[in-house]
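Here is the structure we will look at, set down as structure tokens.
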Amino acid sequence: MTDLRLDATQLERYSRHVIMDEVGPEGQRRLLEGSVLVVGAGGLGSPVIQYLAAAGVGRLGIVDDDVVERSNLQRQIVHGDDDVDRPKVESAADYVRALNPDVDVRAHETRVTSETIDDLVGGTDGERTDGYDVVVDASDNFATRYLCNDYCTLSGIALSHGAIYRFEGQVTTFPNDGDGPCYRCIFPEAPEPGTVPDCATTGVLGVLPGTVGCIQATEVVKYLLGAGELLEGRLLMYDAMGLSFETVDVRRNPDCPVCGDDPEIESIHDVGYEGSCTVSSD
Ligand SMILES: [Zn+2]
């Protein structure tokens, strides 16, 4: 830990953290020294970005290659009506700068692919000082979800997973510091493209990603603090219509293609992510 001290403005800004034994000035310094890459500045990414910025996470990367559309505004609350047609990363970065000048926000207007992910996250180059401690998967597609899982599992970077569908959501956390599990232990392969409809086709309750994203932000803050019990080895499922939460235990699967005993996937370049995220035949 460096000797980063909280100044008077920071002591005031973070006073409700600092007065708690579980956080204190030490915990707040951990947050200020933390770095998080949020993949997707949409429905899930919005509350993640907002709460991590407010909490004083020191470096916040945001990746997205989309522009804001008016139909996003029903749930993607980091963007406003004036941001329509702007790149989402610019709009989200402006929000962060206006909220908390302590946060070094990095906007990456690109797509997370097997070609870009290592540059973005910096997981395989231990020398890099601009790599990230945690990746938050706030994406809306299977290719990105499986890529983030495989990359973070193979390079030992903590990953927060969140997903939503109509009125239901799921969240879990993969610290990737030991015995797993990973996302492929639960869902070994993505469904065939086109078999699972997206938000644009089926709709989504606007507040649903707010609830799920807030849980992801909670997990990231706890991870950076080293406090509490993470959703590690547990998948939390939320049903907004019944307003019920259910947690199921998940274990490392010895047959998992990425973290199992005899893994087929030893590099993200073994996988064709744009199809069903299986080991590519070429
Ligand atoms: Zn696994």
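Results, tabulated for the structure shown:
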item: Phi-based couplings in Hz for the stretch 154-167 (Karplus 6.51, -1.76, 1.60; Gly and Pro marked x); result: 5, 9, x, 9, 5, 9, 9, 10, x, 8, 9, 8, 6, 10
item: Local electrostatic count at residue 145 - Lys and Arg +1, Asp and Glu -1, tallied over other residues with Cβ under 11 Å; result: -2
item: Cβ-placed point charges (K, R +1; D, E -1), dipole of the chain about Cα centre in debye, nearest 20; result: 980
item: Residue-normalised accessible area of the chain, given per residue in Å² at a 1.4 Å probe; result: 47
item: For the stretch 81-90, 3J(HN,Hα) per residue [Karplus equation, 6.51 cos²θ - 1.76 cosθ + 1.60, θ = phi - 60°, Hz, x = Gly/Pro]; result: 4, 6, 8, 3, 6, 7, x, 4, 5, 5
item: Per-selection metrics, the stretch 1-49 (Cα): Rg and Dmax in Å; result: 13.2, 36
item: For residue 104, residues with placed amide H under 5 Å, excluding near neighbours; result: 59, 60
item: Highest-first arrangement of 103-109, 179-185, 228-234, where packing means the average Cβ count within 10 Å; result: 179-185, 103-109, 228-234
item: Rounded to whole Hz, the Karplus (6.51, -1.76, 1.60) HN-Hα couplings of the stretch 122-136, x for glycine and proline; result: x, x, 9, 10, x, 7, 5, 9, 10, x, 10, 6, 9, 10, 9
item: Sum of -39500 (n - 2.57) over DSSP H runs of 4+, divided by residues of the chain (222 nm, nearest 500); result: -8500 deg cm²/dmol
item: Environment charge of residue 44, counting only residues whose C-beta is closer than 15 Å and scoring Lys/Arg +1, Asp/Glu -1; result: -3
item: Protein accessible area in the chain, 1.4 Å probe - carbon and sulfur %; result: 47
item: Placed amide H near residue 187: partners under 5 Å, 5+ positions off or other chain; result: none
item: Per residue, the convex hull volume that the Cα atoms of the stretch 80-168 enclose (Å³); result: 133
item: Placed amide H near residue 271: partners under 5 Å, 5+ positions off or other chain; result: 280
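The values are calculated or read from the model by the stated rules, or taken from the named source; none is laboratory data. Bear in mind the structure is a predicted one, so any value in this text is a computation, not a measurement. With ideal geometry, Cβ positions are generated from the backbone for all residues, glycine too; neighbour counts draw on all protein chains shown. Heads up: the accessible areas ignore ligands, DNA and RNA and are worked out on the full protein's heavy atoms, side chains in. Shrake-Rupley method; radii C 1.70, N 1.55, O 1.52, S 1.80 Å.
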